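The values are calculated or read from the model by the stated rules, or taken from the named source; none is laboratory data. For clarity, every value in this text was computed on a predicted model and none was experimentally measured. FYI the Cβ positions are ideal-geometry reconstructions off the backbone, even for glycines, and counts take in every protein chain you see. Quick note on the areas: whole protein, heavy atoms, side chains included, nothing else; ligands and nucleic acids left out. Shrake-Rupley method; radii C 1.70, N 1.55, O 1.52, S 1.80 Å.
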Amino acid sequence: MSTINKSSSWKALNNHFEKIKLTHMRDLFDNDGDRFNKYHIQYEDFLVDFSKNRITDETLDLLVSLAKEAKLEDWRDRLFSGEKINFTENRSALHIALRNRSNKPILLDGKDIMPNVNKVLAQMKSFSNDVRSGKAQGYTGKKIKSVVNIGIGGSDLGPAMVCDALKSYGTKDIIPHFVSNIDGADIAQTLELCDPETTLFIIASKTFTTQETMTNAYSARSWLLKYLKNQESIKNHFVAISTNEAAVEKFGISKDNMFEFWDWVGGRYSLWSAIGLSIAIFIGMEKFEQLLDGAHDIDNHFKDAPLHENIPVMLALIGVWYINFFKLNTHAVLPYDQGLSLFPSYLQQADMESNGKFIDRNGEKIQYHSGPILWGESGTNGQHAFYQLIHQGTEVIPSDFIMPIHSHYSIGNNGNEHHKILIANFIAQTQSLMMGKTDKEARAELKNQGLDENIIKTLTPHKTFEGNRPSTSILFDKLTPKSLGRLIAIYEHKIFTQGVIWNINSFDQWGVEYGKQIAKLVLPKLIDPNETSGFDSSTNNLINYTKKNI
Ligand code: G6Q
């Protein structure tokens, strides 16, 4: 049974929570002019300000003790040394090897895996250069203009998010597309934008058995063959990224057009592997390597920085403080950058698939909350939608505000008007969430507007904000491949740290596998002309109703 909630630091945190739970951050700031200095971490151009959280020195000391009691440092060593910590699948979780830019050997079962990692990186470099230069052509000799990544989940969300985030670095000659949904609209609408003679399909699937990906891949192949009318054309227009060589060959893609990766790369941790091929083609291999460099920097920081000064660790512990002591079970990620608009949905998978679990490493049900419901949207769009609830809702939502100081785009007065307004909104939101607006302040504001006393009385409660709503601000210079690599790796290690505290395996995903399994049970029933009976009455009737009306 997981005993972290019985540990002395957990108990001490509970006692501390009782003392601090009503303390307002306004007072914490008023009483300590040094609060920002104490509660931020600067790592090169990254500034992580966690001073607008409901924490004191004691909170952080106790949280760090909790991490030590959970043996975080040991687990971190086990992760980096390639131990098979994903024990339910008997696998290591070695995404750190994919961006091990030091190239120091990493041993798995006694064998250095770096030569294979480097071999695939070299293959990606040569292929992406060829596609970008026009050396790798379509079957009819035309240059590739569209790259369609067909994959889902971990084989889609990472590359899709990165290509979108780094659009300003992308070649204007090639458009990347991402098809994931089994809903035929996804592939059909994408194909409408493509010319078979100039389209390259990347079939990205670790297992090469995923129903959605394979169905989309076969539809893409039929579409291509309908126009090019020759099986031979497949080798110019299809490549595969997979661990399953036999299935790739069965599909009709030759070994030469296959990019390998390994079972020790989890799907949601795979954008650093050949799964990132669409990124390399779009922004070039040099920039892809800068993305890896950024992640490698954070791997070193996570490994070496003392826990108090460690960005992923502090983010994780503050998250644990809210989830397990304040019992706040949702977390918002709010990037103030258009390029990062897919970042919340990317992180949703990274976090919720890793830590959305109630069974601990001993196979027992945990007696405390684990992964939060993570959601978000880019600012300022979210401000005109759900921020109302963050300011005045009955739920308190701890939030991460993320923002690059410089934009890639010079636009508006003085070339930076848009970005200045964006920054102002970012800062104003975190400030007002923390401070709130007292009843007295709201009343004074209304009075200044010259309103009569009755109206002031009616409006005051509605215009009052409790404040004390926590946020962490993450700032960095500019959204570059390197800073994006750092940002993603910060969250990966945050997730890992929380999984360690909760004693869960962050690297398996039986809920996803379950979805794959049950879909296969229903499909034959939908095809079978006889009335379905074997399920519960709702399911039977849904199947029969659909069959009747299809
Ligand atoms: C990620 C999950 C899951 C997976 C997809 C696609 O960690 O395992 O999202 O990536 O189900 O799987 P394939 O790459 O095997 O098609």
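Around the amide H of F259, modelled in the peptide plane, lie the amide H atoms of A240, I241, S242, all under 5 Å away and 5 or more residues distant in sequence or on another chain. About its Cα centre, the chain has a charge dipole of approximately 680 debye under the convention of +1 per Lys or Arg Cβ and -1 per Asp or Glu Cβ, with nothing else charged. The Kirkwood radius of the range 398-550, taken over pairs of alpha-carbon atoms, gives through the Stokes-Einstein law at 20 °C and 1.002 mPa s a diffusion coefficient of 97 µm² s⁻¹. Computed from backbone phi with θ = phi - 60° and the Karplus coefficients 6.51, -1.76 and 1.60, the 3J(HN,Hα) list for the range 405-416 is 6, 10, 9, 7, 10, 9, 8, x, 3, 6, x, 9 Hz; x is used for glycine and proline.
FRET efficiency for the I550 to K516 pair, using the beta carbon distance and R₀ = 30 Å, is estimated at 0.85. Subtracting the Cα-Cα distance of K104 and N15 from their residue separation scaled by 0.36 nm leaves 27.5 nm. When you filter the trypsin sites (Lys or Arg not before Pro) in the range 1-98 for DSSP loop state and at most 10 other Cβ atoms inside 10 Å of their Cβ, you are left with K21. Note on N129 and D74: with the Förster distance fixed at 35 Å, the Cβ-Cβ geometry gives a FRET efficiency of about 0.25. Net charge of the neighbourhood of F36, taken over other residues with C-beta under 11 Å away and scored Lys/Arg +1, Asp/Glu -1, is 0.
Applying a 10 Å radius around every beta-carbon, put 479-485, 323-329 in order of their mean neighbour count, most first.
Highest mean packing first, the order is 479-485, 323-329.
Expressed as an acute angle from 0 to 90° and rounded to the nearest 10, what is the orientation of the C-alpha long axis of helix 417-435 relative to the principal long axis of the chain? It works out to around 50 degrees.
Only loop residues by DSSP count here, and only those with at most 16 other Cβ atoms within 10 Å; note down the GluC sites (Glu not before Pro) in the range 49-90 that meet that.
Within the range 49-90, the qualifying GluC sites (Glu not before Pro) (loop, at most 16 other Cβ atoms within 10 Å) are E83.
Distance from the C-alpha centroid of the range 383-447 to that of the range 56-108: 35 Å, rounded to the whole angstrom.
Ranking I55, A97, N129 by Cα position along the charge dipole of the range 1-147, where only Lys, Arg, Asp and Glu carry charges on their C-beta atoms, puts N129 farthest toward the positive end. Angle of helix 211-228 to the longest C-alpha principal axis of the chain, folded into 0 to 90 degrees and rounded to 10: 50°.
Within the straight-line cut-off of under 12 Å between alpha carbons, the aspartates and glutamates reachable from K437 are E445, E466, sequence neighbours fewer than 8 places apart in one chain being disregarded.
Greater than 29 Å separation of Cα atoms is the criterion. Which listed pairs, K104/K206; K38/K365; K516/K548; K327/K420; K357/K520, meet it?
In this structure, K38/K365; K327/K420 lie more than 29 Å apart at Cα.
The calculated P(r) of the range 459-534, using every Cα pair and 5 Å bins from 0, goes 3, 9, 9, 9, 10, 9, 10, 9, 10, 8, 6, 4, 1 in percent. Take every DSSP beta bridge whose two residues both sit in the chain; close to 30 percent of them are antiparallel.
Over all pairs of different C-alpha atoms in the chain, the reciprocal of the mean inverse distance, the Kirkwood hydrodynamic radius, equals 25.6 Å. Working note: Karplus 6.51/-1.76/1.60 with θ = phi - 60° gives the range 301-315 the couplings 4, 4, 6, 9, 6, x, 4, 5, 10, 9, 4, x, 5, 5, 4 Hz, where Gly and Pro are set to x. Packing here is the average count of other Cβ atoms within 10 Å per residue, and on that basis the peptides 310-322, 408-420, highest first, run 310-322, 408-420.
Per residue, the accessible area of the chain comes to 45 Å², computed with a 1.4 Å probe over protein heavy atoms only. Taking amide H as placed 1.01 Å from N in the peptide plane, F358 has no amide H partner under 5 Å among residues 5 or more places away or on another chain.
Were the residues from E466 through L22 laid out at 0.36 nm apart, the gain over their Cα-Cα distance would be 158.7 nm.
Residue by residue, the range 94-100 carries 3J(HN,Hα) couplings of 9, 4, 5, 6, 5, 10, 7 Hz when phi is fed to the Karplus relation 6.51 cos²θ - 1.76 cosθ + 1.60 (θ = phi - 60°); x denotes Gly or Pro. Straight-line cross-link partners of K135 among the lysines, defined as a Cα under 19 Å from its Cα and at least 8 positions apart when in the same chain: K125, K143, K145, K172, K235. At an R0 of 25 angstrom, the distance between the Cβ atoms of K38 and F358 translates into a FRET efficiency of 0.10.
Using the average count of surrounding beta-carbon atoms within 10 Å as a protection proxy, the listed peptides 178-188, 500-510, 224-234 rank, highest first, as 500-510, 178-188, 224-234. For V148, the amide hydrogen comes within under 5 Å of the amide hydrogens of H177, L200, F201, I202, counting only partners 5 or more places away or on other chains and with H modelled in the peptide plane. The loop-placed GluC sites (Glu not before Pro) in the range 486-538, going by DSSP, that have at most 12 neighbouring Cβ atoms within 10 Å of their Cβ come out as E531. So how tilted is helix 343-355 from the main axis of the chain? Cα-based, degrees 0 to 90, rounded to 10. In the chain, helix 343-355 runs at an angle near 90 degrees to the longest axis.
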